[in-house]
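Read the figures in this text as sums done on the coordinates, not as results from a lab. Predicted model only: the values in this text are computed from it and were never measured. All Cβ positions, glycine included, derive from the backbone under ideal geometry; neighbour counts span all protein chains shown.
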Amino acid sequence: MSSPSRRRGHDPESVLSIAVAVFNERGYDGTSMEDLARALGVTKSAIYYHVPGKEQLLARALDRALDGLFELAADERAARGPAIDRLEWVVRRSVRLLAERLPYVTLLLRVRGNSATEQAALARRREFDAFVSHLVKEAAAEGAIRPDLDPALVTRLLFGAVSSIAEWYRPERGASADEVADALVTMAFDGLRG
């Protein structure tokens, strides 16, 4: 039996969480396994107990952000009803997801395609963007979006606004994720509706 004062080791979740914080602070390419070991307070070999290497940590982190987006895209509320209502729901849920998984989404937004893992993440992100673009086009075809607005531009602007939240949103500093989502939806959708 171990003594209560003995330091507990890390589990895979804490290793991932700390790695994401270091990646966000130093950049993925600028982070070494030595940096991760220092942040975790362990030896490099202790990290290898949890993962084969740094790129697997990156893959797990990016999946954490992307899996949430694909879960909401698969939700029935994103598939049934008027397209404008589904689009609004997707935008609201995306803001909440960003807030819930802020460090992981922040890392995803900084990915540039420098490795196979990053390229795979960018491909998945483009797949989600295509899903949103399809919703915008459906809403336009239904006459719910002003006809003078290009659906491709609307898609980029909407999700550019959602993505920008990662740069400034801190839950401890004021507005809740729901308040941010409400403000974004009001501002964007009042201007979009035809």
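Structural remarks
- Of the GluC sites (Glu not before Pro) in segment 87-189, those whose Cβ has at most 14 other Cβ within 10 Å and which sit in DSSP loop: Glu142
- Sparsely packed trypsin sites (Lys or Arg not before Pro) within segment 92-185, loop by DSSP, other Cβ within 10 Å at most 12: Arg112
- Across the options Leu87, Tyr104, Leu135, the greatest Cα extent toward the positive end of the charge dipole of segment 62-192 (unit charges at beta carbon of Lys, Arg, Asp, Glu) belongs to Tyr104.
- Sparsely packed loop sites in segment 1-100 (the chymotrypsin sites (Phe, Trp or Tyr not before Pro) outside DSSP H, G, I, E and B with at most 12 other Cβ atoms within 10 Å) comprise Tyr49.
- Under a model in which nothing but the beta-carbon of Lys, Arg (+1) and Asp, Glu (-1) is charged, segment 62-192 shows a dipole of about 380 debye around its Cα centre.
- Counted as membrane-span-like here are DSSP H helices of the chain whose alpha-carbon atoms extend 20 Å or more along the helix's own axis and whose Kyte-Doolittle mean is 0.0 or above; these are 12-26, 54-74, 83-100, 151-168, 177-192.
- Remark: the Cα gyration tensor places segment 62-192 in the oblate category, a/c being 1.5 or greater and a/b not exceeding b/c.
- Think of the chain as having a plus end and a minus end, set by charges on the Cβ of Lys, Arg, Asp and Glu; of Ala188, Ala74, Gly27, Gly27 sits farthest toward the positive end of this dipole.
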